[in-house]
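The values are calculated or read from the model by the stated rules, or taken from the named source; none is laboratory data. Note that the coordinates shown come from a computational prediction; the quantities given were computed from them, not determined experimentally. No Cβ is skipped: glycine too gets one built from the backbone with ideal geometry, and neighbour counts run over all protein chains shown. Areas reflect the complete protein model, heavy atoms only, side chains present, ligands, DNA and RNA absent. Shrake-Rupley method; radii C 1.70, N 1.55, O 1.52, S 1.80 Å.
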Amino acid sequence: MFYLKILVSVVLGTCLGLEREYSHKDVGARTLSLVTLGSTLFCIVQLPGADPTRIIGQIASGMGFLGAGVIFKEGASVKGMTTAATIWCAAAVGSLIGLDYWLEAITGTACIIIINLVFRHFKIF
């Protein structure tokens, strides 16, 4: 089961990363695969009786810090917000796999890809 979690985590992270590469963004398949894998591994190796929400909280916090590194202000505009949010979501997908929420992770991955592909055409503000 351990190896299957790792494999699925990397595949879902790669799918997220390929969408970012298709969109010509700096963060791609390699980075997002590592984010999902890392989150999965942290959730897998929790100690017996440990509270998984504490691990997930630390993952979310760490990914927020990592995502902040891809946000840049250029004049009046801000670039990288969607990529930062995608990194954060990739960590959530990896955590779901690590905690055996397979369907939720796959559904979440599909939603992230759809949002990134479809919503880019809507510039409301």
Handout entry: Subset tally (residues that are under 15 Å from VAL93 (Cβ atoms) and in contact with a Gly (Cβ under 8 Å, 6 or more places away or on another chain)) for the stretch 15-58
Key = 19
Exercise for the section: Give GLY98, GLY69 a once-over and let me know the one that is of a type outside the set (Val, Ile, Thr) and either modelled with pLDDT of 90 or more or touching an Asp or Glu at 6+ places or on another chain (Cβ under 8 Å) (or both). Expected result: GLY98
Completion exercise
Inside the stretch 20-32, the number of residues satisfying the requirement of being of a type in the set (Ser, Thr, Tyr) and surrounded by 18 or more Cβ atoms within 10 Å (Cβ to Cβ) is 1
Handout entry: Any chance GLY17 is without any contact (Cβ under 8 Å) to a residue 12 or more places away in the chain and open to solvent by less than 40 Å² (accessible area, probe 1.4 Å)
Key = no
